[in-house]
Amino acid sequence: RAVEQTIEQTHQIEPTGTFSIRNAVGAVRIHGSDAAEMKLKATKKAWSTNQLKGIELRVSAQPGSVSIETTLPPQKTWGFSDRSGTVDYAIIIPRTVKISRLEMGNGEVLIDGMRGDIRANLVNGGLTARNCFGNAQLSVANGALDLFYERWEQRRFAVDARIISGNARAFLPDKAAFHVVAETVNGN
């Protein structure tokens, strides 16, 4: 049976600050808000109490920057029965914060309602950016990359979205003014 532990923290962060997170396996969900703080909820999941204790979250918070690093215990390479665990993050930050680095190994990433610049990389899984109106560099090696705009803001921004193997989709409202350059070797 899986065991879980939930950690909740609140840190002050300036709306012009920077944010970075690194997670190997699990999910990262980031929502923009108008508050000058970061609310963090992390759920660690593992297959034993010892594995759960081996999952480390290091949060370094200053008023101008927040950094989160996730460390999982080493995984044995000789069997399928030993899995190291996962961490799912739900994070609320000021919408104008710059996401300077979001690194995810395997899992799901959602970035919602941000106005600051974004740099996000995912190896395997799905990356969704919803109603983000800042410059963005988004990359997925294997999986899906979705851009959703349910409404449109009259501001200039650029999205550089790259996917190696999988599908990329963009959903734009009728009144959107945009320029698209797209090409593919494999995929849609």
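The values are calculated or read from the model by the stated rules, or taken from the named source; none is laboratory data. Because the structure is predicted, anything quoted here is derived from the model rather than measured. All Cβ positions, even for glycine, are placed from backbone atoms using ideal geometry, and neighbour counts span all protein chains on display. Note: accessible area is taken over every heavy atom of the protein model, side chains too, but ligands, DNA and RNA are not part of it. Shrake-Rupley method; radii C 1.70, N 1.55, O 1.52, S 1.80 Å.
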- Taking the Cα atoms of the range 55-171, report the difference between the largest and smallest coordinate on each principal axis, in whole Å and largest first. 53, 38, 18
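Given a 1.4 angstrom probe, what's the average accessible area per residue across the chain, in square angstrom?
On the way: 10730 Å² over 188 residues.
Per residue, the chain has an accessible area of 57 Å².
Can you give the local net charge around Gly134? Use residues other than it whose beta-carbon is closer than 14 angstrom to its beta-carbon, Lys and Arg +1, Asp and Glu -1. If you can, show how the numbers build up before the last one.
Working: positive: Arg95, Lys98, Arg115, Arg119, Arg130, Arg155, Arg156; negative: Asp112, Asp117, Glu153, Asp160.
Once all neighbours under 14 Å are counted, the net charge is +3.
Are there any trypsin sites (Lys or Arg not before Pro) in the range 1-81 that are in a DSSP loop and have at most 14 other Cβ atoms within 10 Å? List them by number. Could you put the intermediate results ahead of the total?
Details: sites: Arg1, Arg22, Arg29, Lys39, Lys41, Lys44, Lys45, Lys53, Arg58, Lys76; in loops: Arg1, Lys76.
Passing sites in the range 1-81 are Arg1, Lys76.
Suppose every K and R has +1 on its Cβ and every D and E has -1 on its Cβ; what is the size of the dipole of the range 123-171 about the Cα centre, in Debye to the nearest 20? Mind dumping the intermediate values first?
Details: 6 positive and 4 negative charges, 19 e Å.
With only Lys, Arg, Asp and Glu charged at Cβ, the dipole is about 100 debye.
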- Note on the structure: Expressed in nanometres to one decimal, the distance between label points 7 Å along Cα→Cβ at Arg151 and Thr6 is 2.9
- Message: At most 14 other C-beta atoms within 10 Å and a DSSP loop state: those are the exposed GluC sites (Glu not before Pro) I care about. Give me the longest piece of the chain that has none.
- Response: 1-149
- Message: Binning at 10 angstrom from zero up to the longest distance, how are the C-alpha pair distances of the range 1-98 distributed in percent?
- Response: 16, 45, 25, 12, 2
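In percent, what relative contact order does the chain have, based on Cα pairs under 8 Å that are 6 or more apart in sequence?
Numbers: 500 pairs, mean separation 36.7, N = 188.
So the answer I get is 20 percent.
Report in % the part of the accessible area of the range 79-188 that belongs to carbon and sulfur, leaving out ligands and nucleic acids; probe 1.4 Å.
50
Cα-based count: Lys pairs in the chain below 20 Å, eight or more positions apart or different chains? Working shown, then result.
Details: Lys39/Lys98; Lys41/Lys53; Lys41/Lys98; Lys44/Lys53; Lys44/Lys76; Lys45/Lys53; Lys45/Lys76; Lys53/Lys76.
For the chain, qualifying lysine pairs total 8.
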